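The values are calculated or read from the model by the stated rules, or taken from the named source; none is laboratory data. A quick note: this is a predicted structure, and the numbers were derived from the prediction, not measured. Glycine gets a Cβ as well: all are built from the backbone with ideal geometry, and neighbour counts include every protein chain shown.
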Amino acid sequence: MQLIAAIKLYDNGRLSSGAAANLAGIPKVLFLTKLADYGVDTFQLTEAELAEEFRRA
């Protein structure tokens, strides 16, 4: 049940992936792989944020 709550809070932008993984009691890498099982995008960047990341690279 903690995993589902953590995924929901992450999906709503209330927790970072690291904080959500801690809440779920699993490693961050495992948490990120579980997101796909629940139809949640792993990376939640807007188009503007993504463009900024590319600009900085």
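Values computed for the structure shown
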item	result
Pair list, Cβ < 6 Å and 6+ apart or interchain, from the range 22-50 residues that are modelled with pLDDT of 90 or more to residues that are among the β-branched types (Val, Ile, Thr) and assigned to a helix (DSSP H, G or I)	Tyr38/Ile7; Val40/Ile7
Any hit, the range 38-55, residues being touching a Pro at 6+ places or on another chain (Cβ under 8 Å) and either assigned to a helix (DSSP H, G or I) or exposed (fewer than 15 other Cβ atoms within 10 Å of the Cβ) (or both)	no
Ala24 under 8 Å from the mean Cα position of the chain (by Cα) and closer than 13 Å to Gln2 by Cβ	no
Count - residues of the range 16-37 that are exposed (fewer than 11 other Cβ atoms within 10 Å of the Cβ) and of a type in the set (Phe, Trp, Tyr)	0
Matching entry among Leu3, Leu15 (being hydrophobic (A, V, I, L, M, F, W, C) and not in a helix (DSSP H, G or I))	Leu15
